[in-house]
Structure formats: structure tokens, C-alpha cells
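Inspection log for the structure reproduced underneath, given as C-alpha cells.
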Amino acid sequence: MSRPETGQEDKKGMVADLRAPEGKLFIGGKWVDPLDGKVGPAENPADESVLASVAMGGAEDIDAAVTSAVAAAPQWGRWSWTARSAALRSMAARLRADSDRLARVDTLDSGNPIAGSIADVEASAEALEFFAGLGGEAGGTTIPGAPGTLTFTERVPFGVVGRITAYNHPLMFIAQGVAAALVTGNAVVVKPADPTVLSSLEFARIAEDDLPPGVLNVVPGGASVGQALVTHPDVPRIAFTGSVATGRHILLGAAHHIKRVSLELGGKNPLLVFPDADPETAADAAFRGMNFTRTNGQSCMSTSRVLVHESLRSEVVAILAERMAALRIGAPVDPQVDVGPMAFAAHYERVLEHIATAKAQGARLVVGGGRPDDLPVGHFVAPTLFDDVDESMSIANDEVFGPVVAVMGWTDEDDALRVANSTDYGLTANVVTSDLGRAMRASRALRAGIVWVNGPNPLPPGTPFGGMKASGLGREHGTEELLSYTEEKSIVLRY
Ligand code: NAD
């Protein structure tokens with residue numbers, strides 16, 4: 001496996017943290033130039049400086065990566081699952097051993113707070129280990145049949161999986177996104193999110209020592225590169241994390257070859273506070289649910305629609321406002337900083353537009369509302385809280401994917417549940433109440449893939465993750481994901 005010496009260790013700043021060579025794609029176990037030679041800048045969203053150059057692949061590079069994956073998959077599929085698991089565990093150990101450096105790469109590239117990036121490295125290692133342990137569950141069954149026959153099923157890998165990721169957890173989405181596919185014997189072509197590419201290449205650099213050439217390939221690029229992967233005839237299985245709009249393109253692109261597709265899409269997640277709730281617990285659930293200190297509020301799970309019973313609304317809003325106003329905003333490599341910038345300029349502009357529309361439509365601004373005055377450079381948006389939001393307003397329905405919370409009041413439980421379910425999304429939901437009956441009633445009535453009661457506590461490993469309605473197709477992180485990278489084949493044998 002080739003590993004060019006980059007000499008980057010001598011350079012200053014970010015580049016000193018990179019072990020993958022700049023401006024290259026990872027295809028067939030080699031670091032190669034993009035075929036049309038295109039490179040672009042990786043930007044630090046906190047100071048708008050250029051961190052490194054990254055290769056921008058094209059459709060021909062996807063074709064080369066798929067060719068490598070097709071060649072590598074049969075042999076990799078013949079490895080015992082325990083041998084594949086051992087490779088995944090080794091990668092997990094390397095991630096942990098290099099946690100500080102990898103977290104710094106993600107933080108500089110994405111703007112996520114350093115503590116969040118450290119947690120992402122740990123979650124990456126955990127995902128690899130979890131699926132390494134689960135690999136043996138991808139077995140088949142025996143079916144009663146006629147005497148002298150044996151009917152059984154086997155689960156076989158697809159061969160090549162295309163994995164396209166979103167930008168908010170750059171490293172974690174790569175590691176989580178390939179673990180199940182790899183342990184079941186597939187080769188993978190990864191198209192990382194274009195604004196945050198660097199750690200996907202660092203992941204490839206780590207995998208290089210554990211996986212045979214061609215089993216993992218990483219081809220950065222934009223939408224057209226993603227489409228080239230989605231429409232490639234030799235990639236029968238596509239796994240996607242990103243927006244609903246792109247999810248639709250993925251389904252359309254995958255239709256011609258009748259591909260198997262899983263989609264992890266956006267959310268506009270309700271948090272329902274009942275009149276018997278403790279206001280502190282409710283405000284804490286809304287605050288923690290926004291993931292301000294992990295991804296600056298750029299979270300598909302964020303509790304961005306807070307529906308509070310009128311009897312508690314002013315108290316919950318006051319506590320939430322105080323906690324949001326106390327967040328320290330700045331350069332996210334500083335461990336004293338709670339919230340960093342939006343990951344890239346276009347998204348920063350988008351978040352500001354959502355805020356401007358909310359103001360124009362009559363939502364009451366309580367905290368934040370734009371760029372902090374003391375941070376003239378970087379894509380910073382202050383954590384922003386709107387109260388008096390009406391269900392007809394855009395801010396009540398559109399995913400901002402930023403540090404913006406909308407509070408709505410309610411008096412009737414059925415109506416609150418109706419409003420909670422009234423968007424196209426159905427990823428997560430939260431319920432805050434001290435009444436078990438209410439908790440169960442509301443949890444069952446909410447159309448969401450995940451419901452938290454009394455606070456967004458960590459999901460134990462293996463908890464199925466995914467959305468209802470437009471928020472996605474399929475479930476990840478558990479046995480369903482493992483099996484989704486296999487096809488079941490029935491074999492009838494006469495003896
Ligand atoms: P996005 O849809 O803009 O991009 C996601 C990926 O798709 C990127 O790699 C992008 O380059 C690629 N892409 C864009 N157009 C494409 C096309 N036509 N064909 C193929 N690939 C294409 O999403 P984003 O801005 O990176 O991420 C934010 C969105 O992702 C939000 O909606 C968020 O809620 C969602 N998200 C969902 C989850 C989840 O697990 N459900 C997790 C994180 C983010």
C-alpha cells in the first residue's frame with residue numbers, strides 16, 4: 001500500500017496535523033491525483049483562512065474508485081467475518097490513539113467545538129467496535145422442507161456500497177457510515193461532504209494499514225460526484241446522510257438500476273412540554289437537545305421547535321434564554337469556547353436568512369439574532385431564541401440546521417400533538433412531563449423515529465436511528481443496518 005511522505009509535518013498550523021497527502025484522492029489503496037487535476041481550498045470557518053488544498057474528484061474518479069472496489073470486494077467478502085472485525089477493531093484503536101489530532105482536524109475544518117470533536121472520535125471508534133462485534137449476526141435461517149431436502153438462507157454482501165455523508169460530524173459519519181458495510185464483506189466508495197473533507201482522508205490514512213487496497217476508497221467532490229456514485233451501474237447499494245432535497249435526488253438517481261437505498265435526512269424536531277413538567281428540566285432538555293456545544297446547533301436531531309404549555313412558557317423561555325446567552329462563542333479550538341461558527345459561508349448566509357424571515361414574520365427575538373458584534377471574521381451566528389412563534393411561520397416548519405430555537409405556546413394537548421406532527425419531517429421528538437401516562441400517550445402519538453422523554457439522553461449503542469415521513473428510509477446503528485448491507489438468498493438442497 002503506497003504512503004507518500006508528505007513533508008507536511010514541517011508546515012504551520014493545521015497542515016501539521018494532516019497525515020494524508022494534500023490534494024489527493026484515496027483509490028485502490030493509493031493516493032492519487034484527481035484525473036482532471038482539480039483541487040480546492042479547505043477553509044477554516046472560524047477565521048476564513050485556507051487550511052489545506054483538497055482534491056475535487058469527478059465522475060471519472062468515481063469510476064476508478066468503483067473499479068477498485070469491484071476488484072477488491074470478492075476477496076474481502078471471503079475473509080471470515082471475525083478477520084474483518086479484527087481490522088475494524090484495529091482501526092478503532094488507531095482512532096483512539098490519535099484522538100487529539102483527529103479532533104483538531106475536524107474542529108479546524110468544520111468549526112465544531114473541540115470537546116464535540118473529541119466525542120466524535122470516540123463515537124467513531126465505538127461504531128467500528130460495535131459492528132465488529134455484531135458481524136456474526138448477519139446469518140441466515142433454516143426452513144422446514146420435504147424429506148431429503150435442506151432449505152436455508154444465507155446473507156451475502158452487495159459487493160460495492162456507495163456512502164455519501166453530511167458535513168456536521170465529518171469523521172464520525174465516515175466511521176459510522178462504513179462500519180456495517182465493511183464487516184458484512186462489502187467494499188465501500190465514500191463521497192464525503194464537500195465543506196469538511198479533511199478527516200475523511202485522515203480516516204483513509206488510518207484504514208490504509210488495516211484494509212486491503214480497494215476495500216475503502218474516498219473521493220471528495222460536489223453534488224455531481226455524488227450523483228456519479230449514485231447512478232454508477234456497479235454500485236447496487238447507496239447509503240446517504242444529508243438533506244431531504246438531496247435525498248430526493250438520490251432516490252431518483254438510484255431508480256434506474258433499482259438500487260437499495262437508505263436515507264438519513266433532516267429534521268425539525270418538536271419538544272413538547274406538558275403543564276406538569278419541571279421548567280428547569282424542560283429548559284435543560286431544549287438546551288441540550290440543540291447540540292450547541294457539539295455541532296453549533298447544526299444537528300439533524302436539534303430540538304428546534306419547542307412547544308410549551310402556556311402555563312410554563314414564560315418560565316421555560318427565561319431559563320432557556322439565560323443559558324443560551326451564557327454560551328461563549330469563538331474559535332472552537334479553544335476549550336473555553338462553547339459554540340463555534342457555521343461550517344461554511346453559504347450555510348452561514350442561509351441561517352441568517354432564516355433569522356431575518358422569522359423577524360419579518362413577527363416572531364419575537366429573545367436572544368441572539370445574528371453575528372456577534374465582537375466577531376467580525378468567521379461564519380459566526382449567535383445562538384438565537386424566538387418566542388411567540390406561530391405554526392404558520394417559516395421558522396416553525398423549515399429546518400434551519402443552525403443554533404436557532406423557535407418557541408410556541410399551547411393549551412390543548414391534542415392540538416399540541418397535531419402541531420408537533422404537522423411538518424413533513426419525523427426524525428426525533430421530545431416529551432417533558434412527570435406523568436407516565438402522558439409520556440406514553442404522547443410518545444406513541446408522535447410520528448418520529450426516536451422519542452426522548454425528559455431529556456435527550458445518549459442513545460445506547462445499537463439503538464435504531466432514523467426518521468419517519470420525509471426524514472428518511474431505514475434505520476442505522478443497529479441490527480437492521482447490519483442486515484441492510486446484505487441480501488438474503490434462499491438455497492434448496494436435495495441430498
Ligand atoms: P446535503 O444534502 O446538502 O449534502 C449531503 C451530501 O450529499 C454531501 O456530501 C453533498 O456533496 C452530497 N450531494 C449534494 N447533492 C447531491 C446530489 N444531487 N447527488 C448526490 N449527492 C449529492 O446536506 P448537508 O448540508 O451536507 O447536511 C445537512 C443536512 O443533512 C440537514 O438536512 C441535516 O438534517 C441532514 N442530516 C441528517 C442526519 C441524519 O442522521 N438523519 C445527520 C446529519 C445531517
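The values are calculated or read from the model by the stated rules, or taken from the named source; none is laboratory data. Everything numeric in this text was worked out from a predicted model, so none of it was measured. Note that we place each Cβ from the backbone using ideal geometry, even for glycine, and neighbour counts take in every protein chain shown. Just so you know, the surface numbers come from the protein's heavy atoms only, side chains and all, with ligands and any DNA or RNA stripped out. Shrake-Rupley method; radii C 1.70, N 1.55, O 1.52, S 1.80 Å.
Observations
- Here residue 448 meets the list (1) small (Gly, Ala, Ser); (2) more than 16 Å from the ligand (Cβ to nearest atom); (3) within 21 Å of residue 397 (Cα to Cα) almost entirely, failing just condition (2).
- Selection within region 217-244: residues that are open to solvent by 10 Å² or more (accessible area, probe 1.4 Å) and among the small types (Gly, Ala, Ser). The member of this set that is farthest from residue 26 (Cα to Cα) is 243.
- Options 418, 438, 494; residue that is within 30 Å of residue 249 (Cα to Cα) and open to solvent by 40 Å² or more (accessible area, probe 1.4 Å): 418
- Pairing residues of region 156-179 that are farther than 13 Å from residue 198 by Cβ with residues that are of a type in the set (Asp, Glu) and more than 10 Å from the ligand (Cβ to nearest atom), at Cβ distances under 7 Å and at least 6 apart in sequence or on separate chains, gives 156/487; 158/487; 160/234; 169/120; 172/120.
- Answer residue from region 451-486, given it is assigned to a loop (DSSP other than H, G, I, E, B), away from the ligand (no atom under 16 Å from the Cβ) and touching a strand residue (DSSP E or B) at 6+ places or on another chain (Cβ under 8 Å) and is most open to solvent (accessible area, probe 1.4 Å) among those: 454
- Count of region 20-65 residues, restricted to those that are of a type in the set (Gly, Ala, Ser) and over 24 Å from residue 188 (Cβ atoms), is 4.
- Checking region 293-311 against the condition returns no match, with no residue being more than 28 Å from residue 41 (Cα to Cα), part of a helix (DSSP H, G or I), open to solvent by less than 10 Å² (accessible area, probe 1.4 Å) and among the hydrophobic types (A, V, I, L, M, F, W, C).
- Tally of residues being polar (S, T, N, Q) and in a strand (DSSP E or B) across region 380-397: 1
- In region 267-292, the qualifying residues are those that are charged (D, E, K, R) and open to solvent by 10 Å² or more (accessible area, probe 1.4 Å), and the one that is nearest to the chain's Cα centre (by Cα) is 288.
- Meets criteria (β-branched (Val, Ile, Thr) and surrounded by fewer than 17 Cβ atoms within 10 Å (Cβ to Cβ)) for residue 54: no
- For region 379-415, a tally of residues being surrounded by fewer than 17 Cβ atoms within 10 Å (Cβ to Cβ) and aromatic (Phe, Trp, Tyr) returns 0.
- When the test is whether a residue is within 13 Å of the ligand (Cβ to nearest atom), in contact with an Asp or Glu (Cβ under 9 Å, 6 or more places away or on another chain), touching a residue at least 60 places away in the same chain (Cβ under 8 Å) and assigned to a helix (DSSP H, G or I), residue 267 does not pass it.
- Among the residues of region 375-416, those identified as without any contact (Cβ under 8 Å) to a residue 40 or more places away in the chain and out of contact with any strand residue (DSSP E or B) (no Cβ under 9 Å at 6 or more places or on another chain) are 376, 392, 412, 414, 415.
- Scanning region 398-445 for residues that are part of a helix (DSSP H, G or I) and of a type in the set (D, E, K, R) yields 413, 414, 415, 418, 438, 441, 444.
- Look at region 215-237: where a residue is in a helix (DSSP H, G or I) and a partner is charged (D, E, K, R), sitting 6+ places away or on another chain with Cβ atoms under 7 Å, you get 225/191; 226/191; 229/191.
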